Amino acid sequence: MKYCGSKTGDERWRGWRFNAVRTLTGLLHHITTAGTYLYEKHPEPELDVALAPINQLPDDVLCYIFTLSCCEDAVHLPFNDSNIAPQITISYVCSVWRHVILSMSSLWNDFELFMDHAKDGEMLIEIVHDWLFRARSLPRSLALKFKADDSTLGVLKSEHWYKNIVKRLFSQFRFRKLSTPWSTNHWIQFLQLPAEKLSCVEDLHICCINPPSLSNFGVLPSQAPLDSFKKLTKLTSLRLDQSLRRAFRDVIYLQDSVFVHAVPWHQIRHIHLSIPTSVFFCFHILQKSSMVLETCSFVVIGHYSRWAEIQTLYAEPLYCPQLRTLGLDARLLPGQLFSAMILDPILLWIRMPNLKALTVGSSDWTSQELVSFSSLVGMQDVSNMQLKELTLYNHRSTMDVADLLRTFPSLKRIELLGHTVLDDDTINQLGSGLVAPCLEELIIHCDDIDLGELLRMIKVRSILGRRDVRQDNEPTPFRYVKLYRGSDLEEVPEEYRESIEEINRCDVQLIVELWDRYAQA
């Protein structure tokens, strides 16, 4: 079945295919270099280009080649010398190629705009419009990203800016994926768009410019009734991020009726909220989306003392059979005394048998113990999961690496950025594969760990992995290891540098660097 165009025929193709397509790499090189010559306005060579084999390819073959050339990433605007979309380059080669690529709607429906200067906003929006127009009836994907300075933020809050986007983009096209900064009043107006526009949205990413009044998520019932959210019939992914410039401290509570009860949580498979939410609101979302939820992350504000209330509200543990990835970030509100083990209730009262990746930590360096080791053990016991990735960051309690590796024997990646203990016996067992035989990536803060023993273990395990014939009981070799050392320590001693270089020659990416806690926050 043909993609587009009119040049077909097996006879022509059989006669030209050997000379026309010697290697795909060479053909793609011709595609990209041809446009470069045109941009530089070189004089055309005196050749009979009509007879060139590349000009004899059927349109369906050209379509396939153009797709390979253009499908790597979304198109980024503005263009510069090192960033010219392949669609532009190809369309300038010749009239035939231009006709073919302009006929391929699927190459014009994904766009990413970065606006560095607010004064260029209207011009860039016009370029985005002209680009997406070529996608014809296909749903589009659009990401608007902006430099977080005062002038740009001022423009984004203006009514003129929003009306221009609605007029040139939202009112004319259907969007499948949409990522954009919003002020509160613009979010209200967005929900007033016709159902035929909102019903296409599957992936919605909102970056709040200004702190919304989260008691109603900045939405008054008279302005955006509950039915407005029902227009999002295909919404399966929702991400709500904080301000472009600085975080704000409002919290979403369970009684925040419009945002909590109006959003169709039951159909959303991917939920990521970086605005602080109460632990009760987290449970509300998990309950509503439990049967479909696949990935989620929350910034949690709460107290461990509320654990009894949670057990009262939810007599039975929540069952999330599809949940694969969970991220929990505990934070403080101004003046709040930290409640130890704030994240324990979520881990203990949710059943996640298919969880593969767990991230637990805190962006507040004043925090205390986030989660107890006994809760991690209890979570594993009741869910019987096969966890592949575990990340614990900024935790103040001391974590025993040996206990973690024995609790989660299926781990392929572990990242521990906090107080850790790793004794020599465990290091030896890691090298031989008696513990964590599947571990491929290790990222660890190793102030209190013998660096020499660690390097010896990594070297032994890497050598085992280089054998042509591996035994069934041999461990998986490391692929990536990053060791953080305290910022008050000296550079890596000379005696260890030769071992590091030797390990890196064993197809292991090994990095040893000083710890900067502020860079990791």
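The values are calculated or read from the model by the stated rules, or taken from the named source; none is laboratory data. Note that the structure is a prediction, hence the values are computed from the model and not measured. Cβ: placed from backbone, ideal geometry, glycine included. Neighbour counts: every protein chain shown.
The table below lists the values:
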read-out: Every pair of residues 6+ apart whose Cβ atoms lie under 8 Å, when the first sits in segment 507-519 and is farther than 18 Å from Val492 by Cβ while the second is at pLDDT 85 or above; value: Asp507/Pro477; Asp507/Arg479
read-out: Among residues of segment 203-235, those that are at pLDDT 90 or above, surrounded by 17 or more Cβ atoms within 10 Å (Cβ to Cβ) and part of a loop (DSSP other than H, G, I, E, B), counted; value: 2
read-out: Tally of residues being under 15 Å from Ile414 (Cα atoms) and free of Cβ contacts under 8 Å to residues at least 40 places away in the same chain across segment 444-453; value: 1
read-out: Odd one out for Lys163, checked against (1) modelled with pLDDT of 90 or more; (2) outside any loop (DSSP other than H, G, I, E, B); value: (1)
read-out: Residue satisfying all of: in segment 62-116; among the hydroxyl-bearing types (Ser, Thr, Tyr) and in a loop (DSSP other than H, G, I, E, B); modelled with the lowest pLDDT among these; value: Ser82
read-out: So Leu416, is it in a loop (DSSP other than H, G, I, E, B) and either in contact (Cβ under 8 Å) with a residue 12 or more places away in the chain or not hydrophobic (A, V, I, L, M, F, W, C) (or both); value: no
read-out: Residue that is surrounded by the fewest Cβ atoms within 10 Å (Cβ to Cβ) [pool: residues in segment 123-148 that are modelled with pLDDT under 85 and in contact with a helix residue (DSSP H, G or I) (Cβ under 6 Å, 6 or more places away or on another chain)]; value: Ile125
read-out: Per-region count, segment 499-521, residues assigned to a helix (DSSP H, G or I) and either at pLDDT below 85 or not acidic (Asp, Glu) (or both); value: 8
